[in-house]
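The values are calculated or read from the model by the stated rules, or taken from the named source; none is laboratory data. Note that the coordinates shown come from a computational prediction; the quantities given were computed from them, not determined experimentally. All Cβ positions, even for glycine, are placed from backbone atoms using ideal geometry, and neighbour counts span all protein chains on display. Accessible surface areas use protein heavy atoms only, side chains included; no ligands, DNA or RNA. Shrake-Rupley method; radii C 1.70, N 1.55, O 1.52, S 1.80 Å.
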There are 2 protein chains.
Amino acid sequence: MNYTAADVKKLREETGATFADCKNALSDSKSWDDAVKFLEARSAKKAEKMISAGRETKEGGVFSYVHHNNRIGVLVELNCSTDFVARSEAFRNLASDIALQIVGVAPTYVNFEDVPAEVLEEARKTIAEDPSLARVPEARKADAIDGKLKKQFGEQVLMMQPFVKDDTLTVGDLVRKVIADTGENIVIRRFSRFALGE
Amino acid sequence: MNYTAADVKKLREETGATFADCKNALSDSKSWDDAVKFLEARSAKKAEKMISAGRETKEGGVFSYVHHNNRIGVLVELNCSTDFVARSEAFRNLASDIALQIVGVAPTYVNFEDVPAEVLEEARKTIAEDPSLARVPEARKADAIDGKLKKQFGEQVLMMQPFVKDDTLTVGDLVRKVIADTGENIVIRRFSRFALGE
């Protein structure tokens, strides 16, 4: 497509990609939306690569947020691989966004994998007895139960929650975005949330 | 004893008692040390009275401390009975002192009663097999074991730890001092301590 310098600037602001990447995406795409999708897919692929590389995440930081009336507070540990990224603005902004999310939406777990097996098993049983499942063919029943399970626990799982500041993203999407931007794996290790008297 | 206005001032600074209490303590006591002891005993008695009154402690606040390098952080909930005390300087200073203590000394439990029964039982068994106990008369053995148990877990129990800023006090003493000063029961409800990568 034909594009102007203003388009490149706008695309950079929208996607956070580099100047060269935005230029290439625009010249190689048929439309604006295609260019955005291309860059998003590229960013997701980069994030996956960083996550699956399995590099140790022993750096990072401990961050807190306490509401001004002292009635609610959050402590969160966010890990990455180098002190350089730990001190970056992107990493610190992510930590602050995550703390805000935890204050607002009160998740119970960081990842779906953190839901205890016995809790999952109990929920799986209840779902299996649900009359709506009777109409699902036997071959697709296990998948249907898993889907309902993820939906049910998704609200309690931080990484699966819609991000409070932009609900077109999940918190997991937000983390993967910063992974792609910083080029380093980032892991939410643990959190505590205290609400006064709760 | 004979005393001057300067003595009253000094005693107030040392004990935190009121002007009238300090004057009375000095005029009724034979020595400076007696006056200090009298006021301390009075304060302890007042604290015990507040604690045993069993008034609900549903106010207070959540406080955090994060070290400037973000490698360690603490979240603590401190309860009292009224919003008035929750907003007082004495209460806020106590919260800050407790957070500092947790950062520095890393307790595991708030109170001795929070140590799980099975952990205590295990430790009790190990202590009972200690050869040094063989010399203790049977009638005093249970007390001796309890003493060793409290000593062993005292290091892990926040309320029993020597206060980092003044090791002539335990954290429990510090809390009781603020209870006497504010005239309201104060309870350390819970805490979290995250050290990066621990």
Checklist entry - Among the listed residues B:Val115, B:Val119, B:Val175, B:Val157, which satisfies the condition of being at pLDDT 90 or above, away from chain A (no Cβ under 14 Å) and open to solvent by 30 Å² or more (accessible area, probe 1.4 Å)? => result B:Val119
Checklist entry - Which of the residues that make up segment B:55-64 are more than 8 Å from every other protein chain (Cβ to nearest Cβ) and open to solvent by 60 Å² or more (accessible area, probe 1.4 Å)? => result B:Arg55, B:Glu56
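Every residue, every condition in (1) over 18 Å from the mean Cα position of the chain (by Cα); (2) more than 14 Å from chain A (Cβ to nearest Cβ); (3) among the hydroxyl-bearing types (Ser, Thr, Tyr); (4) more than 26 Å from B:Arg190 (Cβ to Cβ), yes or no:
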residue	(1), (2), (3), (4)
B:Gly16	no, yes, no, yes
B:Glu40	no, yes, no, yes
B:Ile51	no, yes, no, no
B:Ile72	yes, no, no, no
B:Leu78	no, no, no, no
B:Glu89	no, no, no, no
Item to check | Considering residues of segment A:1-14 that are without any contact (Cβ under 8 Å) to a residue 12 or more places away in the chain and not in a helix (DSSP H, G or I) only, the residue least open to solvent (accessible area, probe 1.4 Å) | outcome: A:Thr4
Checklist entry - Just a yes or no: is a residue in segment A:126-134 within 26 Å of B:Phe191 (Cα to Cα), away from chain B (no Cβ under 14 Å) and more than 16 Å from the chain's Cα centre (by Cα)? => result no
Checklist entry - So which residues in segment B:15-49 are among the hydrophobic types (A, V, I, L, M, F, W, C), surrounded by fewer than 12 Cβ atoms within 10 Å (Cβ to Cβ) and touching a Phe, Trp or Tyr at 6+ places or on another chain (Cβ under 8 Å), if there are any at all? => result none
Item to check | Pairs with Cβ under 7 Å, 6+ apart, first in segment A:48-60 and under 13 Å from A:Ala180 (Cβ atoms), second of a type in the set (D, E, K, R) and surrounded by 13 or more Cβ atoms within 10 Å (Cβ to Cβ) | outcome: A:Met50/A:Glu184
Checklist entry - Within segment A:164-198, can you find the residues that are in a loop (DSSP other than H, G, I, E, B) and within 30 Å of B:Tyr65 (Cβ to Cβ)? => result A:Val164, A:Lys165, A:Glu184, A:Asn185, A:Ile186, A:Leu196, A:Gly197, A:Glu198
Next on the checklist: Take the residues in segment A:11-65 that are of a type in the set (Gly, Ala, Ser), touching a Leu at 6+ places or on another chain (Cβ under 7 Å) and modelled with pLDDT of 85 or more; name whichever of them is farthest from A:Val103 (Cα to Cα).
Outcome noted: A:Ala25
Checklist outcome for this item: Restricting segment B:180-193 to residues that are closer than 21 Å to B:Asp83 by Cα and modelled with pLDDT of 95 or more, the one most open to solvent (accessible area, probe 1.4 Å) turns out to be B:Arg189
